[in-house]
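The values are calculated or read from the model by the stated rules, or taken from the named source; none is laboratory data. Quantities reported herein were computed from a predicted structural model and do not represent experimental measurements. Glycine also receives a Cβ, built like all others from the backbone with ideal geometry; neighbour counts cover every protein chain displayed. All accessible areas refer to the heavy atoms of the entire protein, side chains included, with ligands and DNA or RNA removed. Shrake-Rupley method; radii C 1.70, N 1.55, O 1.52, S 1.80 Å.
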Amino acid sequence: MSRVNTFVSINAVNVTSDVQQWKVFETFGNEIPDASIILSRTVLSSVTLTNGQAVIIQRGYTLGTEQNIFRGIIDSVQRKGAVIEVKAKNTLITLVKTDINTSFDKDIDTEAGVGSAIANTLITEYGGLSTNSGATVVSTGAVVLLEKFVCRKTDIFDRLRTIADIYDYQIYFNYDDQYVY
């Protein structure tokens, strides 16, 4: 029987040798998935842990990097005796931390009331997930059009959930291609 290897990096620094335990808590479209990583204090000699740093957890049978398990950013760092617990949130957290104050009108805007076009604009243009990643949005079609879709001082993820509820869709981040679906 083969052993599954793990690879963990924080802020592009390999911290695998300092990892004592990790867990990923997946959700299905309504909340942001998160991860918890328990590290030995020796990790501080190779990386300074601060909120907002990139976290990647991978695993595989050969190198430990064959399958992406988690991608996100550090949300909190807690020192607990001889260990440090890092809690990270999935990349979708950037959509929660970005407030939006705009509206989409079926007769004026280029999205023409199409829910999938509005979602794509929210993710890529307002959410900033178009540099290293982007969005793949399943077309909602033109049968159910949104006459006016208002985003008033709210986060992008909340507005995406509203669109997903209207069309009975899900929202998730694919760790392999780094796209929001």
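Here are the numbers for this structure:
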item: Relative contact order, percent, the range 1-99 [alpha-carbon distance under 8 Å, six or more residues apart]; result: 29
item: Cα-centre dipole for the range 116-175 with unit charges at Cβ (Lys and Arg positive, Asp and Glu negative), debye to 20; result: 160
item: Cα gyration tensor shape for the range 103-157, rounded if a/c is under 1.5, else prolate or oblate; result: oblate
item: In nm, spacing of pseudo-spin labels at residue 42 and residue 27 (7 Å Cα→C-beta vector); result: 3.6
item: Value of D in µm² per second that Stokes-Einstein yields for the range 59-152, Kirkwood Rh from Cα pairs, at 10 °C (1.306 mPa s); result: 98
item: Ranked packing of 109-119, 48-58, most packed first, by mean Cβ within 10 Å; result: 109-119, 48-58
item: Charge dipole (the chain, unit charges on Cβ, about Cα centre) - positive-most of 78, 51, 98; result: 78
item: Shape call, the range 41-108: gyration tensor on alpha carbons, a/c limit 1.5; result: oblate
item: Computed FRET value (nearest 0.05) for residue 145 with residue 63, which takes r as the C-beta separation and R₀ as 41 Å; result: 0.30
item: Potential extension, residue 85-residue 125 segment - 0.36 nm per residue separation minus Cα distance; result: 11.0 nm
item: Length-normalised contact order of the chain in % [C-alpha pairs under 8 Å, at least 6 apart]; result: 19
item: The chain, helix-only ellipticity at 222 nm - DSSP H runs n ≥ 4, -39,500 (n - 2.57), divided by all residues, nearest 500; result: -3500 deg cm²/dmol
item: The range 36-88, relative contact order [Cα under 8 Å, separation at least 6], %; result: 42
item: Alpha-carbon centroid distance for the pair the range 54-86 / the range 131-181, whole angstrom; result: 27
item: Two-site label geometry, residue 178 and residue 106: point separation in nm, points 7 Å out along Cα→Cβ; result: 3.8
item: Accessible area, probe 1.4 Å, largest first, for residues 152, 79, 159; result: 152, 79, 159
item: Probe 1.4 Å - accessible area at residue 138, Å² to nearest ten; result: 100
item: Debye, to nearest 20: dipole size of the range 54-157, +1 on Lys, Arg Cβ, -1 on Asp, Glu Cβ; result: 620
item: Taking the C-alpha atoms of the range 1-59, convex hull volume expressed per residue in Å³; result: 104
